[in-house]
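One structure is given below, encoded as structure tokens.
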Amino acid sequence: MDYELRVVVEKVSVSSQEVLKRDTLKVYDIKSPESILELGLRHEEQISLLEKIQNSVLAVQSTLIKTGYDVCPRCGDKLKKMGFTPSKFHAVFSDHKVRIQKHKCLNPDCKWQSTPSTASVFGTCIHPDLAKLQCEQGALYSFRKAETNLEQLTVHRRPVNNHNKIKLLTNEVGATLAQENLKPLATPKGTAIAQEITLQVDGGHIPDKDKDKRSFEALSAVVYRPENIIEVDSHHRQIKDKSCALSAQDDELATMKLFTLNAARKQGMTKKTKVTALADGAQNCWSVILSLAPHCKTLLCILDWFHLAMRFQNVRGAVEDAFEKTLEGVKWKLWHGKSDEALQKLELLMNNITDSKKRSKLKKLYNYLENNQAYLVNYEERDQQGLSYTSQVAESHIDTIINDRFKRTKKMQWTHDGAHNILQIRGMITSNEWNENWQVPVISALTVAA
Ligand SMILES: [Zn+2]
């Protein structure tokens, strides 16, 4: 026996259960699948079916759209219904026309007529679920890549997903978030108070739109409670709950310091909290960290062992094999918290190297350690006690938050504001706050854009 499947939509009276209208949306011939490709509906067909169902829903629902006119807004006279006007509506996977009720003033001297649209009624013709997706794509990938990704998802190219539109919306949503993030947070109370928090501050580079400059810096701070580092497997750990602060503003760190304080408070920092801070040694990172001192109980600053070890790896080539052990010895001293001895040993080694290029490499390492000597701790001891001293235990934030999105490409260069706004969305996604909090900024941005 051969079968076909009909996808039918029925409009039914709720009280009498009488079928008022019945539409066959699609008929599928059901055959034995010759291959996995023929099993079920294909991608394009699924999107097309959703489009048809969506059209059926909209046809009925759109007649119920309240346009907000009870009387004539010009003269106050009664209104008469005057048919429907089609208006654009962009859903997640498909584009539609909805029919909205038109009105006309009954006063022959007035002649007022309504010109309703989805935008005049709702403030926008784009469903926020689509705008959410556009924002996520625009925050995670280049705007052109975002356009392509959305095109692949919905099979067809849709003008609503054009890269310029994604760019405008993403920027607007980011600007709303940036504004929101400037509001100071209250000090946490009760069970929200954290005994200890860890803070990692790092910097990334963003290609500059200003042709005279190559790049500018953006800073990222990630704050979490140490107990929230969980082991995924023996090689990977993850931070279960974290808050982010991200700024690309050129304002002598004012925004960054405020965002970092807010992120720390989100994680429960009060004047009773012990803060452990890790940074790569850059002066502006320490400045951000030190600005927390008046707001916590203690602030321990540690030169991130991950970055320190990287510096050693970078100068390895500058020393002959014979001196490699000495260099390792310097690192061993640092690991055991003997920074004075380490610096002495490094200076001796430096003086033994005649090649000026290689020597200047070692000099750089020496200066780096000397500048950060106040932040060198006994790493071995902290390791034994299970205390934090390296950003390596968790994912590399600076790469996932900043560098992955702002790689140097010919096409994409940034202004401080543009980068700053995108970073706010990336921060929310990274700290898992986006899915809960996207609606307010997205809907506000959509209605501003319309
Ligand atoms: Zn009127």
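The values are calculated or read from the model by the stated rules, or taken from the named source; none is laboratory data. Here the structure is a predicted model, which is why all the values come from computation and not from measurement. All Cβ positions, even for glycine, are placed from backbone atoms using ideal geometry, and neighbour counts span all protein chains on display. Each accessible area value is taken on the protein alone, full model and side chains, heavy atoms only, with ligands, DNA and RNA left out. Shrake-Rupley method; radii C 1.70, N 1.55, O 1.52, S 1.80 Å.
Summary of values
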read-out	value
Residue that is most open to solvent (accessible area, probe 1.4 Å) [pool: residues in region 64-77 that are within 12 Å of residue 114 (Cβ to Cβ) and within 7 Å of the ligand (Cβ to nearest atom)]	74
All positions within region 214-265 that are more than 20 Å from residue 195 (Cα to Cα) and among the basic types (Lys, Arg)	214, 237, 257
Test: residue 155 is within 21 Å of residue 47 (Cβ to Cβ), hydrophobic (A, V, I, L, M, F, W, C), in contact with a strand residue (DSSP E or B) (Cβ under 7 Å, 6 or more places away or on another chain) and not assigned by TED's automatic domain parsing to the domain that holds residue 73	no
Cβ-Cβ under 9 Å pairs, at least 6 apart or on other chains, region 100-119 side touching a residue at least 24 places away in the same chain (Cβ under 8 Å) and part of a loop (DSSP other than H, G, I, E, B), far side among the hydroxyl-bearing types (Ser, Thr, Tyr) and within 11 Å of the ligand (Cβ to nearest atom)	114/69; 116/69
Checklist (1) of a type outside the set (S, T, N, Q); (2) open to solvent by 20 Å² or more (accessible area, probe 1.4 Å); (3) without any contact (Cβ under 8 Å) to a residue 40 or more places away in the chain; (4) not in a loop (DSSP other than H, G, I, E, B) applied to residue 311, failing item	(3)
Cross-chain or 6+ apart pairs with Cβ under 8 Å, region 40-64 first and more than 16 Å from residue 84 (Cβ to Cβ), then small (Gly, Ala, Ser)	47/94; 50/94; 51/94; 54/91; 54/94
Selection from region 78-88 of residues that are within 16 Å of the ligand (Cβ to nearest atom) and open to solvent by less than 60 Å² (accessible area, probe 1.4 Å)	79, 82
Subset of region 239-264 (residues that are in contact (Cβ under 8 Å) with a residue 24 or more places away in the chain and either assigned to a loop (DSSP other than H, G, I, E, B) or touching a Phe, Trp or Tyr at 6+ places or on another chain (Cβ under 9 Å) (or both))	239, 241, 242, 243, 244, 245, 246, 247, 248, 249, 250, 253
Residues of region 188-231 that turn out to be among the hydroxyl-bearing types (Ser, Thr, Tyr) and modelled with pLDDT under 90, as a count	2
Members of region 154-187 that are modelled with pLDDT under 95, over 24 Å from residue 247 (Cα atoms) and among the aliphatic types (A, V, I, L, M)	155
Those residues of region 93-127 which are charged (D, E, K, R), open to solvent by less than 80 Å² (accessible area, probe 1.4 Å) and under 26 Å from residue 156 (Cα atoms), in sequence order	95
The one condition in (1) at pLDDT 95 or above; (2) surrounded by 15 or more Cβ atoms within 10 Å (Cβ to Cβ) that residue 297 fails to fulfil	(2)
Those residues of region 349-380 which are open to solvent by 30 Å² or more (accessible area, probe 1.4 Å) and in contact with a His (Cβ under 8 Å, 6 or more places away or on another chain), in sequence order	378, 380
Complete set of residues in region 6-24 that are open to solvent by less than 100 Å² (accessible area, probe 1.4 Å) and either acidic (Asp, Glu) or part of a strand (DSSP E or B) (or both)	7, 8, 9, 10, 11, 12, 19, 23, 24
